[in-house]
Every structure is written in structure tokens, then in C-alpha cells.
1. Out of Gly74, Gly16, I need the residue that is within 14 Å of the chain's Cα centre (by Cα) and at pLDDT below 95. Which one?
2. Report yes if some residue within the range 135-148 is in a loop (DSSP other than H, G, I, E, B) and either at pLDDT 90 or above or not aromatic (Phe, Trp, Tyr) (or both); otherwise report no.
3. Working only within the range 78-93, note down all residues that are more than 16 Å from the chain's Cα centre (by Cα) and β-branched (Val, Ile, Thr).
4. Please go through the range 3-25 and give me each residue that is of a type in the set (S, T, N, Q) and either surrounded by 13 or more Cβ atoms within 10 Å (Cβ to Cβ) or within 18 Å of Ile59 (Cα to Cα) (or both), ordered by number.
5. Which number in (1) touching a Ser or Thr at 6+ places or on another chain (Cβ under 7 Å); (2) not in a helix (DSSP H, G or I) marks the one condition that Ser26 misses?
6. Against the condition assigned to a loop (DSSP other than H, G, I, E, B) and among the hydrophobic types (A, V, I, L, M, F, W, C), how does Trp132 come out, does it pass?
7. Let me spell it out: the conditions are (1) surrounded by 15 or more Cβ atoms within 10 Å (Cβ to Cβ); (2) in contact (Cβ under 8 Å) with a residue 24 or more places away in the chain, and Gln141 meets all of them except one. Which number is the exception?
8. Quick one: in the range 111-138, of everything that is among the small types (Gly, Ala, Ser) and either surrounded by fewer than 16 Cβ atoms within 10 Å (Cβ to Cβ) or in contact with a strand residue (DSSP E or B) (Cβ under 9 Å, 6 or more places away or on another chain) (or both), which residue is farthest from Ile61 (Cα to Cα)?
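The values are calculated or read from the model by the stated rules, or taken from the named source; none is laboratory data. Since the model is a prediction, treat every value here as computed from it, not as a measurement. Neighbour counts are summed over all protein chains in view; Cβ atoms, including those assigned to glycine, are modelled from backbone coordinates with ideal geometry.
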Amino acid sequence: MNRTEVFAIIFKRNQGAIMNAVEGLSHAEGLLQLPGDSNCMNWVLGHIATYRDGMLADIGIEEYMSEEETSLYGSGSSPITNDSPCVEFSRLVELQKLTFDGLYGWLKSDPKDLNKETRSDMPFKKGYGGYWGSVVEHLAQMTGHESVHVGELSALHELAKVSMADK
């Protein structure tokens, strides 16, 4: 098994978990907050999409997020709450599909340029885009980072189910 196959397996697993977590949820349910300093599902989905979009930029594939969208979900961004600006939940779900399709399709094409340098001309901060030295380094960092955030979706999905049951 080569490196791209390993990355493809991780992305496919993460994508399945994401799609299971968002199924049937509304925009309002995506804004529900757990106690403490954690983020809502809206922020987690936007954050994952931002980092995936940065990866797409580094491998030269179509990007999907605007600077305005990525500014809401990048590292160190403010929490998303009921009163703050945010991207519509349905758009975030669409971004999960688009960015996954781009990355997964590229990985399954058995790219030979994993060691090429990442972009140094990023027009604005987009996840890890242009940050790591090589594409393979970027992929390794991003898959670990994404998996942590995908793990957060389970508790947020349960919170939404409880909220739906209370209605």
C-alpha cells in the first residue's frame, strides 16, 4: 500500500463520519454549543473545509471557499454562536462533499508529485496551505488535524439529537 492509498483511506473514513454526523440536522442544530470552550458543529465543519481547501490549493485543484468564509473558520478564529456571522449549514455540508471529492479523486489518481513544494503565493491564509514544505507533509499534518476535529462531531451530533427529541 502506498502513501496516497493510506491518505485516501483516512479521508474516506473521515468523510463517512462527517456525513453521518450532519444527516438530518438543521442550521440551528449546527449552532448548538457544548458546555466549556468547545466549538459548535458549524465551526468544526467550516474549519475542516478551510483546511481541506488549503490542501486543494497546494495540489493545484479547484478551491471552493472565499476569503470571507475561511476567515470565520481558520486557526484562532472566534467561536461561532447564534449571534455571530457564519456560513449556512447546508453550504458547509456542500463544502465537505466538494473538498472531499477533489482530494479523494486526486489521491486515487496516484499522483507522483507528493514531494513537490507547497505554494508560496497563497493570496490569503487558508488552513495549512503554503505552510508545510511539501505536499506529503501537508497531507500528513492535515489528516491528523482533520481526524481530531471529526472526532468532535460525535458529541455534537448527540447534542443535536437530544435537542430534536426535546421538541
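1. After applying the criteria, what remains is Gly74.
2. As a first pass, look at the range 135-148 and keep what is in a loop (DSSP other than H, G, I, E, B): none.
No: the range 135-148 contains no residue that is in a loop (DSSP other than H, G, I, E, B) and either at pLDDT 90 or above or not aromatic (Phe, Trp, Tyr) (or both).
3. Of all residues in the range 78-93, those more than 16 Å from the chain's Cα centre (by Cα) come to 78, 81-85.
Passing the criteria: only Thr81.
4. Residues of the range 3-25 of a type in the set (S, T, N, Q): 4, 14-15, 20.
Of everything in the range 3-25, those that are of a type in the set (S, T, N, Q) and either surrounded by 13 or more Cβ atoms within 10 Å (Cβ to Cβ) or within 18 Å of Ile59 (Cα to Cα) (or both) turn out to be Thr4, Asn14, Gln15.
5. Single failed check for Ser26: (1).
6. Numbers: assigned to a loop (DSSP other than H, G, I, E, B): yes; among the hydrophobic types (A, V, I, L, M, F, W, C): yes.
Taking the combined requirement at face value, the residue satisfies it.
7. Gln141 satisfies every listed condition except (2).
8. Taking the range 111-138 first, the residues among the small types (Gly, Ala, Ser) are 120, 127, 129-130, 133-134.
From what's left, either surrounded by fewer than 16 Cβ atoms within 10 Å (Cβ to Cβ) or in contact with a strand residue (DSSP E or B) (Cβ under 9 Å, 6 or more places away or on another chain) (or both): 120, 133-134.
Numbers: Ser120: 15, Gly133: 18, Ser134: 16 Å.
Only one residue fits best here, namely Gly133.
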